[in-house]
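Heads up: the structure comes next, in C-alpha cells.
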Amino acid sequence: MLEDTKILEEILNKMRSELFEEIKVTLKSESDTTTKDKVGDIYDLASDERDRELSLLISDRDRKKISEIDEALERIKDGSYGSCEECDTNIPKQRLLIMPFARLCVNCKSEHEKQGSHEKKFKEEREYRKLAFTTSEDEDS
Ligand SMILES: [Zn+2]
C-alpha cells in the first residue's frame, strides 16, 4: 500500500499543478491587465502564499477541486488516506486511481446518495401536503 500511496500522491500533485496551470492560463487570457499583473505578482510569492492569493481569483468550482486535492494530500500525510471516512474499510486502489480524492468507499457513497434522494422525496412530499392543505383551505372559504 505504501508504494500505491506514493503513486497516488504523485497523481494528486500532478492534478493540482495542472489545475493551477489551467487557472493561470484562464486568468492570463483575460483582457484585464490588472488581473494579469496580479497573477504575475502572485507567481513570485512562496507557494503557500501564492495559492492563497490565487484562490481569491478563481471560481468556486476550481476552489472546491483544489481543496479536495489538498485534503487528500493531507490525509496521505497523516496516514488516514485510502480508508473510508464512514466505515473505515480500505477504498480499493482501482477506485482511488479514478478518484484519488475519494473519501468514501463505494458502499457508503451510494448510501449517501440514497439518503440524498430520500431527503428530496421527503421535501417533495411535504411540498405536496402543503399544497393539498392550501387547496382545501381555499375550498372552505
Ligand atoms: Zn465505507
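For the range 84-133, name all the residues that are among the polar types (S, T, N, Q), within 16 Å of the ligand (Cβ to nearest atom) and assigned to a helix (DSSP H, G or I). If the condition is that a residue be among the polar types (S, T, N, Q), within 16 Å of the ligand (Cβ to nearest atom) and assigned to a helix (DSSP H, G or I), then Gln94, Asn107, Ser110, Gln115 are the ones that fit. Restricted to the range 59-83, and to residues there that are among the hydroxyl-bearing types (Ser, Thr, Tyr) and in a loop (DSSP other than H, G, I, E, B), the residue that is farthest from Ile7 (Cα to Cα) is Ser59.
Among the residues of this structure, Leu19 counts as one that is under 28 Å from Glu3 (Cβ atoms), modelled with pLDDT of 75 or more and either crowded, with 17+ Cβ neighbours inside 10 Å or within 20 Å of the chain's Cα centre (by Cα) (or both).
The values are calculated or read from the model by the stated rules, or taken from the named source; none is laboratory data. What you are looking at is a predicted structure, and each value in this text was computed from that prediction instead of being measured. Heads up, the Cβs are rebuilt from the backbone with ideal geometry, glycines too, and the neighbour counts pull from every protein chain shown.
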